[in-house]
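Take a look at the structure set out below.
Read-outs: derived from the displayed coordinates by stated rules, not from any lab. What you are looking at is a predicted structure, and each value in this text was computed from that prediction instead of being measured. Here the Cβ is made from the backbone with ideal geometry for all residues, glycine too, and neighbour counts use every protein chain on show.
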Amino acid sequence: MISTKDILRDTLEGKRLEEKEALFLLEEGDFLELGRAAAYLCDARHPGGVATFIIDRNINYTNICDCRCLFCAFFREQDNPEAYVLDEERVYKKVEEAVERGATQIMLQGGLNSELDLDYYTRLFRGIKKRFSVTIHSLSPPEICHIARVSHISVEEALRELQESGLDSLPGGGAEILEDEIRKEISPFKIKTDQWLQVMEAAHGMGIASTATMMIGSREKLIHRIRHMARIRQLQDKRGGFRAFIIWSFQPGNTKMGGKHTGPIDYLKTLAVARLFLDNISHLQGSWVTQGKEIGQLSLAFGANDLGSIMIEENVIKSTGISYRMTVEEICHLVKEAGKLPAQRDTTYRIIKKSEYQFNSASLSN
């Protein structure tokens with residue numbers, strides 16, 4: 001008979017966790033036992049007790065989107081008075097402000113706006129690289145597919161042109177749950193599971209690394225989460241291009257879908273199982289942006305070794321009515337309280353600074 005104890009023992013001894021075992025852990029596994037096992041594996045992979053974060057800025061260049069996902073409170077229709085597109089100078093100004101505040105990475109993400117073709121992005125990326133020494137970690141797979149479609153080129157051609165103009169890596173947005181039966185319910189006009197995976201495989205094959213994400217708490221069942229992680233693990237076995245895995249929770253406020261926010265137990269348990277299951281992905285990020293600072297701190301005891309960005313700017317989650325902010329001092333304090341050593345990293349997870357920081361938190365507020 002299957003048991004949590006046997007599964008965890010075998011996993012900690014190096015046996016790869018099977019899908020049915022991972023599902024059992026999500027359904028029946030003891031919360032604290034899962035946390036201890038995930039923390040053990042995390043410490044084994046990342047000895048020294050370091051927990052990392054990055055300083056970056058999320059720049060949402062447009063909120064006009066043809067996708068109209070039911071879980072999204074950020075998008076606007078083309079004729080909505082709140083609709084916008086940032087021009088190049090406004091983007092450069094935002095990048096400049098971020099770099100002045102210590103940012104090493106810029107994440108440009110936005111709606112699927114049919115008025116914006118490949119030229120908009122290549123001009124923007126070249127302009128950023130000409131003016132600033134910063135990593136461009138931008139454009140999720142749905143955006144890549146959309147750019148290719150409106151520009152009448154292939155995904156591979158779009159990726160190549162974007163890479164040549166300055167794109168360094170891809171964020172894992174738009175994954176939500178990689179199960180088409182769920183995608184049809186929550187985002188019927190967004191790319192399908194296979195398309196998301198194909199963009200990532202093409203990018204990895206061109207040397208463009210990425211992160212992978214999963215949104216929990218919408219309409220998926222636990223089995224769908226495991227299948228999602230299985231697809232990520234399979235592609236990582238094949239290409240090895242995912243630097244990190246990030247779980248974030250659906251925020252129902254101001255969305256057409258509505259519903260309830262998934263609780264911290266569900267989030268932390270799923271995080272722990274992800275650390276156990278995704279044995280080929282080194283970094284696991286805790287989502288304090290959707291779960292709050294305290295749960296973000298607890299994520300470091302449930303398999304996470306990274307707390308992501310301090311979020312100089314964030315608009316998508318904010319549009320749901322949730323707005324958590326963090327300074328460098330605050331994130332370092334949370335990490336230290338959790339018994340870890342805080343360290344600033346870059347996009348590749350190379351450590352830039354450890355331990356003591358002399359940043360002025362007021363300068364990092366928006």
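Amide H of Ser309 versus every other amide H placed in the peptide plane: which residues, excluding those fewer than 5 positions away on the same chain, fall under 5 Å?
Under 5 Å from the amide H of Ser309: Ile54.
Could you work out how far helix 141-150 tilts from the main Cα principal axis of the chain, as a 0 to 90 degree angle to the nearest 10?
Value to nearest ten degrees: 30.
Name the shape class, rounded, prolate or oblate, that the alpha-carbon gyration tensor gives for the stretch 130-183, where a ≥ b ≥ c are the square roots of its eigenvalues, rounded holds for a/c under 1.5, and otherwise prolate holds if a/b is larger than b/c and oblate otherwise. Present the calculation step by step, with values, prior to reporting the outcome.
Working: a/c = 3.36, a/b = 1.51, b/c = 2.23.
Here the stretch 130-183 falls in the oblate category.
Given DSSP loops and a limit of at most 15 other Cβ atoms within 10 Å, what is the longest stretch of the chain that contains no such GluC sites (Glu not before Pro)?
On the way: sites that count: Glu13, Glu18, Glu77, Glu82, Glu115, Glu356.
Looking at the chain, 116-355 is the longest stretch - no exposed GluC sites (Glu not before Pro) with at most 15 other Cβ atoms within 10 Å.
Please list, or write none, the lysines whose alpha carbon is within less than 23 Å of the alpha carbon of Lys353, excluding same-chain residues fewer than 8 places away.
Lys293, Lys336, Lys340
Taking square-rooted eigenvalues a ≥ b ≥ c of the alpha carbon gyration tensor, is the stretch 146-243 rounded, prolate or oblate, where a/c under 1.5 means rounded and, failing that, a/b exceeding b/c means prolate? Kindly include the intermediate steps, with their values, before the conclusion.
On the way: a/c = 2.42, a/b = 1.48, b/c = 1.64.
In terms of gyration-tensor shape, oblate.
Given the options Met215, Met206, Met229, which has the most mean-square fluctuation in a GNM of the chain, springs set between C-alpha atoms less than 10 angstrom apart?
Comparing Met215, Met206, Met229 in the GNM, the peak value goes to Met206.
What shape does the stretch 43-142 take by its C-alpha gyration tensor, where a ≥ b ≥ c are the square roots of the eigenvalues and a/c under 1.5 counts as rounded, a/b above b/c as prolate, and the rest as oblate?
Oblate shape, in that a/c is at least 1.5 and b/c is the bigger or equal ratio.
For Asp30 and Glu96, compute 0.36 nm times the residue count separating them, minus their Cα-Cα distance, and round to one decimal in nm.
Taking 0.36 nm per residue and subtracting the Cα distance, the gain is 19.0 nm.
For Lys192, go through the lysines and keep the ones whose alpha-carbon is under 16 Å away, minus same-chain ones fewer than eight residues off.
Cross-link targets: Lys184.
So what's the back-of-envelope 222 nm ellipticity for the chain, counting only DSSP H runs of four-plus at -39500 (n - 2.57) apiece and dividing by all residues, rounded to 500?
Roughly -13000 deg cm²/dmol at 222 nm, from the helical runs in the chain.
Work from the charge dipole of the stretch 95-238 (Cβ charges, +1 for Lys and Arg, -1 for Asp and Glu, about the Cα centre) and give the residue of Ser138, Gln109, Thr193 farthest towards its positive end.
Thr193
Counting other C-beta atoms within 10 Å, and keeping those with at most 16, which DSSP coil chymotrypsin sites (Phe, Trp or Tyr not before Pro) do you find in the stretch 151-257? Could you put the intermediate results ahead of the total?
Working: sites: Phe189, Trp196, Phe242, Phe245, Trp248, Phe250; in loops: Phe189, Phe250.
Of the chymotrypsin sites (Phe, Trp or Tyr not before Pro), the ones in loops of the stretch 151-257 whose Cβ has at most 16 other Cβ atoms within 10 Å are Phe189.
With axes computed from alpha carbons, what is the tilt in degrees of helix 264-277 against the longest principal axis of the chain, rounded to the nearest 10 within 0 to 90?
80 degrees
Around His283, which amide H atoms from residues at least 5 apart in sequence, or from another chain, sit under 5 Å from its own amide H, with H modelled in the peptide plane?
Phe245
Quote the charge dipole size of the stretch 1-75 about the Cα centre in Debye, to the nearest 20; the model charges only the Cβ of Lys and Arg (+1) and of Asp and Glu (-1).
Values: 9 positive and 13 negative charges, 63 e Å.
Computed about the Cα centre, the dipole is about 300 debye.
When the chain is fully extended, how far beyond the present Cα-Cα distance does Arg9 get from Tyr349, taking 0.36 nm per residue of separation?
Numbers: separation 340, 0.36 × 340 = 122.40 nm, distance 2.96 nm.
Working it through step by step, the gained length comes to 119.4 nm.
Once phi is turned into θ = phi - 60°, what whole-Hz ³J(HN,Hα) does the Karplus curve with 6.51, -1.76 and 1.60 give for every residue of the stretch 69-77, x standing for Gly and Pro?
3J(HN,Hα) across the stretch 69-77, in whole Hz: 5, 5, 8, 9, 9, 8, 6, 9, 6.
What do you get for the angle between helix 88-100 and the principal long axis of the chain? Use alpha-carbon atoms, 0 to 90 degrees, nearest ten.
40 degrees
Take every DSSP beta bridge whose two residues both sit in the chain, then give the antiparallel share in percent to the nearest 5.
15 percent
Taking every pair of alpha-carbon atoms in the chain, give the share separated by more than 40 Å as a whole percent.
Working: 5863 of 66795 pairs.
Tail of P(r) above 40 Å: 9 percent of Cα pairs.
Under 22 Å between alpha carbons, and skipping anything fewer than 8 positions from Lys20 in its own chain: which lysines qualify?
Leaving aside lysines fewer than 8 places away in the same chain, those within reach of Lys20 are Lys5, Lys221, Lys238, Lys269.
So what is the relative contact order of the chain, in percent, for Cα pairs below 8 Å that sit 6 or more residues apart?
Worked out over the chain, it gives 23 percent.
Of Lys93/Lys130; Lys129/Lys190; Lys93/Lys129, which pairs sit farther than 19 Å apart, going by alpha carbon to alpha carbon? Display every interim value, and only then the final one.
Details: Lys93/Lys130 14 Å; Lys129/Lys190 30 Å; Lys93/Lys129 13 Å.
Pairs exceeding 19 Å: Lys129/Lys190.
How large is the dipole of the stretch 18-348 about the Cα centre if only Lys and Arg carry +1 and Asp and Glu carry -1, each at its Cβ, rounded to the nearest 20 debye?
Details: 40 positive and 47 negative charges, 53 e Å.
Charge dipole of the stretch 18-348: 260 debye, to the nearest 20.
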